[in-house]
Amino acid sequence: MNAYTKNYDLGELAQKHKQAATSLWLVREKYLSLLTDLIMGRKPIESLQIERDELLSCLHSVYDGAPSTTYKAYQCAQRALKQSEDMTLSDAEIDVFLPPDLRRSSRTISNRAA
């Protein structure tokens, strides 16, 4: 254990993981905004494509600078997300944050009416 902690600064490693997570959260939020703009149809497609390409580049930078993880840690995270549904929201919970026209429940109702 001592040899492991001498070779790795666990505090620094944890900080790098935290920075990567924060950066990924921001990219995710920007993608959601991009999807909102796309659905609303108020921006030209060319401008949305430019934003998409910039986000892809930003995402690559985040992954490139992020520390790697172990397979065991990946499995634990995967289990937490899939089975325990940690850090996930239901459609109803997401709808609360969206304008009425973008809510999944209102689209379902309007699709049924059509």
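Being open to solvent by 80 Å² or more (accessible area, probe 1.4 Å) and either in contact with a Pro (Cβ under 9 Å, 6 or more places away or on another chain) or modelled with pLDDT of 95 or more (or both) is true for just one of Ile50, Ile39. Which residue is that?
Working: Ile39 fails: either in contact with a Pro (Cβ under 9 Å, 6 or more places away or on another chain) or modelled with pLDDT of 95 or more (or both).
Of Ile50, Ile39, the one residue that is open to solvent by 80 Å² or more (accessible area, probe 1.4 Å) and either in contact with a Pro (Cβ under 9 Å, 6 or more places away or on another chain) or modelled with pLDDT of 95 or more (or both) is Ile50.
Could you please tell me which pairs satisfy a Cβ distance under 7 Å, a separation of 6+ or placement on different chains, a first residue in region 70-93 that is at pLDDT 75 or above, and a second residue that is part of a helix (DSSP H, G or I) and surrounded by 10 or more Cβ atoms within 10 Å (Cβ to Cβ)?
Asp91/Arg104
Restricting attention to region 63-73, does a residue exist that is within 30 Å of Pro100 (Cα to Cα) and part of a helix (DSSP H, G or I)?
No: region 63-73 contains no residue that is within 30 Å of Pro100 (Cα to Cα) and part of a helix (DSSP H, G or I).
The values are calculated or read from the model by the stated rules, or taken from the named source; none is laboratory data. For clarity, every value in this text was computed on a predicted model and none was experimentally measured. Reconstructed Cβ throughout: ideal geometry from the backbone, glycine too, with neighbour counts over all protein chains shown. The area values use the complete protein model at the heavy-atom level, side chains included, leaving out ligands, DNA and RNA. Shrake-Rupley method; radii C 1.70, N 1.55, O 1.52, S 1.80 Å.
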